[in-house]
Amino acid sequence: MSSPLGGNEGGRSLRAVLFDMDGVLYNSMPYHAKAWHRAMAQFGYDLPEEEVYMHEGRTGTSTVNLVSQRQHGTEVSGERVAEIYAVKSKLFNEFPPAEPMPGALSLLRQLKAQGLKILIVTGSGQTSLLDRLNSDYPGIFCRELMVTAFDVKRGKPDPEPYLMGMQKGGLRPDECIVVENAPLGVRAAKAAGIFTIAVNTGPLPDSALLDEGADLLYSSMQALSDAWEELSASFNK
Ligand code: MG
């Protein structure tokens, strides 16, 4: 079914929105990129800051092994990965607290007012951010409707985290939409069969998100929030 927006969002009965966290709810990606680059450098690995945005959503293990394979042709022991990830987390936590993404709270309040379920599906294991969700976004999230690094084995770009999110929410793919900022996050959500809205909040070209199958793309969370009223009407047509 076509829509005023020219997308294929019509014909569903929307019950839930699944949110990625980093780069969507928090402007945390610049700190993650710097922390990854510096931590990897300490262990002799070359991972440019800009490249971190392409890997966003992967588990720490997957990111380290991808670089190690490229540089040395081998994978890294679990112990070594834990060491590197601990350094990365320490460096991340030395930055000032990441700011909530402008526009996110106004969007979440609209969804809440519409009675939609709101879930978080993140590859993050940064307890510093997870702990802040309730103070920055009061009354929006509950722990039972969150999928984090502690819940999943494979992580994005595997559909596992989004499949688990739907399971936790008792949801079918056609009842959900996903909001993602990362190419691998879009790939994971599409592989789970979910309509996916990309928000390009980082330095990558729009094509990085559209090529993974994003159904719609907005330049910021504020732009998505501003468009939501019209967009949500077209979903339920
Ligand atoms: Mg993200």
### Message
As I understand it, the value is the acute angle between the Cα axis of helix 60-72 and the longest principal axis of the Cα atoms of the chain; what does it come to in degrees, rounded to 10?
### Response
50 degrees
### Message
Per-residue counts of other Cβ atoms within 10 Å, averaged by peptide: what ranking do you get for 102-115, 24-37, highest first?
### Response
24-37, 102-115
### Task
At 0.36 nm per residue, minus the direct Cα-Cα distance, what do ASN236 and PHE95 gain on full extension? Give it in nm, one decimal, please.
46.6 nm
## Note on the structure
Here D for region 4-128, in µm²/s, from Stokes-Einstein with a Kirkwood Rh over Cα pairs at 10 °C and 1.306 mPa s, works out to 96 µm²/s
### Task
Can you tell me how much longer the chain between SER128 and ARG172 gets when fully stretched, taken as 0.36 nm per residue apart minus their C-alpha distance, in nm with one decimal?
12.7 nm
### Anchor LYS153: lysines whose Cα lies under 26 Å away (excluding residues fewer than 8 positions away in-chain)
LYS34, LYS88, LYS90, LYS117, LYS168, LYS190
## Note on the structure
If one compares the long axis through the Cα atoms of helix 29-42 with the longest principal axis of the Cα atoms of the chain, the angle in degrees, nearest 10, works out at 20 degrees
### Query
Which whole-number percent is the relative contact order of the chain (Cα, under 8 Å, 6+ apart)?
28 percent
## Note on the structure
Residue separation between ALA223 and GLN69 times 0.36 nm, minus their alpha-carbon distance, gives in nm 51.5 nm
### Message
Loop-only chymotrypsin sites (Phe, Trp or Tyr not before Pro) in region 118-163, please: DSSP not H, G, I, E or B, and at most 10 other Cβ atoms within 10 Å.
### Response
PHE150
### Message
If R₀ is 35 angstrom, what is the calculated FRET efficiency for the pair GLU83 and GLU144, using the beta carbon separation as r and rounding to 0.05?
### Response
0.60
### Task
Note the angle between two axes, namely the Cα long axis of helix 78-94 and the longest principal axis of the Cα atoms of the chain, as a number of degrees from 0 to 90, rounded to the nearest 10.
70 degrees
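Every read-out reported here was derived from the displayed coordinates using simple, explicitly stated rules and does not represent laboratory data. Remember, it's a predicted structure, so these values are computed and weren't measured experimentally. Cβ sites come from the backbone with ideal geometry, for glycine too, and all protein chains shown count toward neighbours.
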